[in-house]
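**Student:** Here it is, the structure in full.
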Amino acid sequence: MDNQNDKIVKNDKKLPEDQSIDSILRPTNWDDYVGQEKVKRNLKIILSAAKERQESCDHILFYGQAGLGKTTLAHLVAKELGCNVKVTSGPALEKMGDLAAVLSNLEKNEVLFIDEAHRLNRMIEEVMYPAMEARKLNLIIGKGPAARTVSLDLPPFTLIAATTRANLLSGPLRSRFGASFKLDYYEVADIEAILKRSADILGLKIDSDATNIIARASRFTPRVANRILRRVRDYAQVNSALVITADVAQKTLDLLEIDKLGLEAQDRRLLEIVITKFNGGPVGVSSLSAALNEDKGNVEDIFEPYLMSTGLLVRTPAGRIATRKAYEHLGLSVPDGTLL
């Protein structure tokens, strides 16, 4: 890295200026979409059957942690069906008029993608039920005794919803999806394949050791892996590195305060609070979020899922408990009687 003749390879591939790097790195076909094999197999059967019958596809629900590819899958489904996709989100649909405007402008067999579906309010959900089941848009015109209901026919369409909190979706709404798929964390080998593809798109030379280091620190999540790769790219460029090596990758992670398990400073702080302030637990999420000075939703949505998946934290009826592995990862002595 100290060799001044070692200059990072300039990207021969001209990246579109009107696109963000996230959209450039997003897979545009099934072959480029790595991982989630069970989900892909089931989707291909559903889509093939719908196309053979020349019908609109059943409504689909994707749920799982952020960054696992739910939005990408929605676009791939639309592409497979040969139709456009209209994108909105739960928070954007505040009033019935917002949803009515979206639904009334749908074309035949078009895909409507709603991100953060768990944030749809109940009034919007009530309008969604007949739209999903009977392709009817029921609107109330006027107020009081003069109010009347107008029913509009909708063209065949496919609703694809994505959420990180499937438990917050109401039962009636979940039951109206023809298929529900949970996206799981990726394997290290899959993340490595994604990183190699992303590096090729960005015109980067990266060795296998560096790829493995980034993959293991990526929280098994493609979005996080690509984010780290972009920071490694910056570090390599500033330090005139010809090839992204394990040393370059590790020094970038050190600067970002990301350890070998992918834990960032706030993740480690959460574990330290559970261990030092609450004697390893159990501790309730409200007390934990207050001590961490983080919103309760952030603790449940952002920090806990990965910490639990790596076996550093467990959730019990009495509260959260730090495991033996958490003590060892932080370099702390494990108290006698620690069972987990």
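**Student:** With a cap of 12 neighbouring Cβ atoms within 10 Å, and only residues DSSP puts in a loop, list the GluC sites (Glu not before Pro) found in the stretch 73-117.
**Tutor:** Of the GluC sites (Glu not before Pro), the ones in loops of the stretch 73-117 whose Cβ has at most 12 other Cβ atoms within 10 Å are GLU107.
**Student:** Can you spot the aspartates and glutamates whose alpha carbon is less than 18 Å from LYS325's alpha carbon? Ignore those fewer than 8 places along the same chain.
**Tutor:** Once the sequence-local aspartates and glutamates are set aside, what remains near LYS325 is ASP259, GLU264, ASP267, GLU272, GLU304, ASP336.
**Student:** From the residues LEU169, ALA225, GLY67, which one has its Cα farthest along the dipole of the chain in the positive direction, the dipole being from +1 and -1 charges on Cβ of Lys/Arg and Asp/Glu about the Cα centre?
**Tutor:** The residue sitting farthest along the positive end of the dipole is LEU169.
**Student:** Another question, then. How do SER286, SER56 rank by accessible surface area computed with a 1.4 Å probe, from largest to smallest? The partial results should precede the final answer.
**Tutor:** Details: SER286 70, SER56 20 Å².
Heavy-atom accessible area, descending, gives SER286, SER56.
**Student:** May I ask you to derive the FRET efficiency for ARG315 and LYS51 from their Cβ-Cβ distance with R0 = 51 Å, giving the value to the nearest 0.05?
**Tutor:** Using R0 = 51 Å, I get an efficiency of 0.75.
**Student:** Which pairs in the list LYS86/LYS205; LYS51/LYS136; LYS38/LYS79; LYS86/LYS136 are over 25 Å apart, alpha-carbon to alpha-carbon?
**Tutor:** LYS86/LYS205
**Student:** Related question: Using a simple charge model, +1 on the beta-carbon of Lys and Arg, -1 on the beta-carbon of Asp and Glu, nothing else, what dipole does the chain show about its Cα centre, in debye to the nearest 20? Before the final figure, lay out the partial values.
**Tutor:** Working: 46 positive and 45 negative charges, 145 e Å.
Once rounded to the nearest 20, the dipole reads 700 debye.
**Student:** Per DSSP H run of at least 4 residues, take -39500 (n - 2.57); add these up for the chain, divide by its residues and hand me the 222 nm value, nearest 500 deg cm²/dmol.
**Tutor:** Numbers: 14 runs with 139 residues, N = 340.
Estimated from H runs of four or more residues: -12000 deg cm²/dmol.
**Student:** Here's another thing I want to ask about it. Average the reciprocal distances over every distinct pair of alpha-carbons in the stretch 16-55, invert the result, and give the Kirkwood radius in Å. Before the final figure, lay out each step's value.
**Tutor:** Details: mean 1/r = 0.0818 Å⁻¹.
It is 12.2 Å.
**Student:** Where q = 0.15, 0.21 Å⁻¹, what log10 of I(q)/I(0) comes from the Debye formula for the stretch 192-264, counting one point per Cα?
**Tutor:** Cα-only, vacuum Debye calculation for the stretch 192-264: -0.38, -0.78.
**Student:** Additional query: Could you pull out every one of the aspartates and glutamates with an alpha carbon less than 17 Å from that of LYS44, ignoring same-chain neighbours closer than 8 positions?
**Tutor:** By straight Cα distance, LYS44 reaches ASP31, ASP32, GLU52, GLU55, ASP58, GLU80.
**Student:** Rounded to whole Å and ordered largest first, report the semi-axes of the equivalent ellipsoid of the stretch 40-178 derived from its Cα gyration tensor (root of 5λ).
**Tutor:** 26, 18, 12
**Student:** Taking trypsin sites (Lys or Arg not before Pro) that fall in a DSSP loop and have at most 12 other Cβ atoms within 10 Å as cut points, what is the longest piece of the chain between them?
**Tutor:** Segment 144-259 is the longest.
**Student:** Using the charge dipole of the chain (Lys, Arg: +1 at Cβ; Asp, Glu: -1 at Cβ; taken about the Cα centre), state which of HIS118, LEU103, SER240 has its Cα farthest towards the positive end.
**Tutor:** Positive-end residue among those listed: LEU103.
**Student:** May I ask for the Rg/Rh ratio of the stretch 118-198, computed from Cα atoms with Rh as the Kirkwood radius, given to two decimals?
**Tutor:** Rounded to two decimals, Rg/Rh equals 1.19.
**Student:** Under a point spin-label approximation (7 Å from Cα along Cα-to-Cβ), what is the GLU272-ASN105 distance to one decimal in nm?
**Tutor:** Between GLU272 and ASN105, the label points sit 4.9 nm apart.
**Student:** Right, here's the next one. For the stretch 212-340, what are the per-bin percents of Cα-Cα distances with bins 10 Å wide, up to the bin holding the maximum?
**Tutor:** It works out to 12, 39, 28, 16, 4, 0, in whole percents.
**Student:** Mind checking Rg over Rh on the chain, alpha carbons, Kirkwood formula for Rh?
**Tutor:** 1.04
**Student:** Need one number: % antiparallel among DSSP beta bridges in the chain, to the nearest 5. Show your work: numbers first, answer last.
**Tutor:** Numbers: 11 of 30 bridges.
Roughly 35 percent of the beta bridges in the chain run antiparallel, per DSSP.
**Student:** Expressed as a fraction of 2.2 N^0.38 Å, the rule-of-thumb size for a compact globular protein of N residues, what is the C-alpha radius of gyration of the stretch 137-270?
**Tutor:** Here the Cα radius of gyration is 1.65 times the empirical estimate.
**Student:** Hey, what's the chain come to in accessible area per residue, 1.4 Å probe, Å²?
**Tutor:** That works out to 51 Å² for each residue.
The values are calculated or read from the model by the stated rules, or taken from the named source; none is laboratory data. Since the model is a prediction, treat every value here as computed from it, not as a measurement. Note that each Cβ is placed from the backbone with ideal geometry, even for glycine, and that neighbours are counted across all protein chains shown. Only protein heavy atoms, including side chains, enter the accessible area calculation; ligands, DNA and RNA are left aside. Shrake-Rupley method; radii C 1.70, N 1.55, O 1.52, S 1.80 Å.
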